[in-house]
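Just below is one structure, and these are the notes that go with it.
The values are calculated or read from the model by the stated rules, or taken from the named source; none is laboratory data. The structure presented is a predicted model; accordingly, all values stated were derived computationally and were not measured. Don't worry about glycine lacking a Cβ; one is built from the backbone with ideal geometry, like all the others, and counts go over all protein chains shown.
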Amino acid sequence: MNRKLKMGMIGGGEGSFIGAVHRMAANLDGQIELVCGCFSSDPENSKRTGLSLFLPEHRIYNTYKEMIEKESSFPEGERMDFVSIVTPNHLHFEPATFALEHGFHVVLDKPLTYTLGEAYSLWKKVKSSGKLFALTHTYTGYPMVKEARLRVQRGDIGKIRRIYVQYTQGWLYDDCAGTNKQASWRVDPKRSGKAGCMGDIGTHAFNLAEYITGLKAVEVCAELNTFVPGRLLDDDGAAFIRYEGGARGVLTATQIATGVENDLSIRIYGEKGGLEWKQEEPNTMILRFPGRPAEIIRTSNSYMSPVAAYNSRVPGGHPEGYLEAFANIYRNFAQALRATQNGEEPEPESLDFPSIEEGVRGMQFVETIVVASADDRKWVKMID
């Protein structure tokens, strides 16, 4: 196959934030083109969005089922190769399942599904379909996150003892749901699920800690809070976490930290040293060892590992951030899909993107932290 991969999109119409981000990320490397979409449950919104993206009218659809059924009838090379699903949480499972059943590969925004039961069902569907599946846990795409993971794996800081991970935002500090479309569905349990803040950004923090350390959480002691009067889901929370191998962690997530933009950060300490990384300064990682000054590690330098260098895009000193990290997930997915369609074995680096397993882990975390917060016992085992 010697052409761009063809992408369809479900969701991401007018008023959507994440849809445009997905489209920019998918387009960044010139390997993917958007060919069709059902961008909204409102047909007029979908049509306006599709026309603004210069799609032909006959490939702008009113429903996701219409799109998937119609696209599957087109000959190979004309129909979409995969679908990107960027809808609110309660509309993840059915479109993803329908696409897999009709032979399409899937990229899905996180969290995986609305409920843990749906997550298990989708897991089985992905495995039985044999199709590629990517979940956009964006922050795993940063070069320094991959560098941190490699350094932990090769034992640079020794056996992990302590993990601190936080995701702090302030945009939901007041009752803005009536005027902010992005807020309205995130604080609505009928669309968001059992958790608000923890489902939205706490899952990112949870995923980041497991991705870098390679350790799975086994027990949780947690508290969820709702500070804004009348809000039905948590807007703040914290958890003590016990990891396999004896490591201990603290995870905090809040969306009511007034004035804070998007502070995702992680600190990991082992028997020999520690490392620190902040999403708001993504090109830098700090390594700490006893008896010597801290080391500042920067992207696009010769001392970086091959996997981090592979995911760096510009010369050192040139900022690269959220969109590039997002694009790394799409690029790796596209390379793996291209190899698969050519009957080749994908290169290991192209398979480095979050998949169904990470999605199920995230939903297990949501389920567990909700149970733990409501339980008088000190510790609750991770639900599996």
Query raised in the report: In the range 61-114, what count of residues is obtained for those that are touching a His at 6+ places or on another chain (Cβ under 9 Å) and not basic (Lys, Arg)?
Result: 18
Requested in this report: With respect to GLY193, determine if the residue is touching a residue at least 12 places away in the same chain (Cβ under 8 Å), buried (at least 16 other Cβ atoms within 10 Å of the Cβ) and touching a Pro at 6+ places or on another chain (Cβ under 7 Å).
Outcome: no
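Hey, which of the helices (runs of 4 or more DSSP H) in the range 1-107, taking only ones fully inside, have at least 1 residues that are touching a Leu at 6+ places or on another chain (Cβ under 6 Å) and either under 28 Å from PRO189 (Cβ atoms) or of a type in the set (Val, Ile, Thr) (or both)? Explain how you work it out, then say what you get.
On the way: elements: 18-27, 43-52, 64-73, 93-101.
Once the helices (runs of 4 or more DSSP H) in the range 1-107 are filtered for at least 1 residues that are touching a Leu at 6+ places or on another chain (Cβ under 6 Å) and either under 28 Å from PRO189 (Cβ atoms) or of a type in the set (Val, Ile, Thr) (or both), what remains is 93-101.
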Requested in this report: Given the conditions (1) modelled with pLDDT of 95 or more; (2) aliphatic (A, V, I, L, M); (3) under 24 Å from GLY245 (Cβ atoms), report the number of the one that ALA325 does not fulfil.
Outcome: (3)
Query raised in the report: Which ranges mark the helices (runs of 4 or more DSSP H) fully within the range 143-207 that have 1 or more residues being under 25 Å from GLU14 (Cβ atoms) and of a type in the set (D, E, K, R)?
Result: 181-186, 189-192
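Report whether or not ASP234 is in contact with a strand residue (DSSP E or B) (Cβ under 6 Å, 6 or more places away or on another chain) and either part of a helix (DSSP H, G or I) or of a type in the set (Asp, Glu) (or both).
yes
Quick check on this structure: which one of ARG292, ARG338, ARG298 is at pLDDT 95 or above and touching a Gly at 6+ places or on another chain (Cβ under 7 Å)? Spell out how you get there, then give the answer.
Values: ARG292 fails: touching a Gly at 6+ places or on another chain (Cβ under 7 Å); ARG338 fails: touching a Gly at 6+ places or on another chain (Cβ under 7 Å).
Selected residue: ARG298, the only one of ARG292, ARG338, ARG298 that is at pLDDT 95 or above and touching a Gly at 6+ places or on another chain (Cβ under 7 Å).
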Report task. Might you let me know whether the range 257-272 holds any residue that is in contact with a Ser or Thr (Cβ under 9 Å, 6 or more places away or on another chain), of a type in the set (Phe, Trp, Tyr), surrounded by 17 or more Cβ atoms within 10 Å (Cβ to Cβ) and within 18 Å of ARG149 (Cβ to Cβ)? Result -> no
Query raised in the report: Within the bounds of the range 258-266, is there any residue that is farther than 23 Å from MET363 by Cβ, outside any loop (DSSP other than H, G, I, E, B) and in the same structural domain as TRP171 (by TED's automatic domain parsing)?
Result: yes
Report summary line: Restricted to the range 295-317 and to residues being in a loop (DSSP other than H, G, I, E, B) and among the hydrophobic types (A, V, I, L, M, F, W, C), the residue farthest from GLU347 (Cα to Cα) is VAL314
Query raised in the report: Does the range 340-367 hold any residues that are farther than 21 Å from VAL145 by Cβ, in a helix (DSSP H, G or I), out of contact with any Asp or Glu (no Cβ under 9 Å at 6 or more places or on another chain) and of a type in the set (S, T, N, Q), and which are they?
Result: THR340
Query raised in the report: So which residues in the range 41-78 are within 26 Å of the chain's Cα centre (by Cα) and closer than 21 Å to ALA134 by Cβ?
Result: TYR64, MET67, ILE68
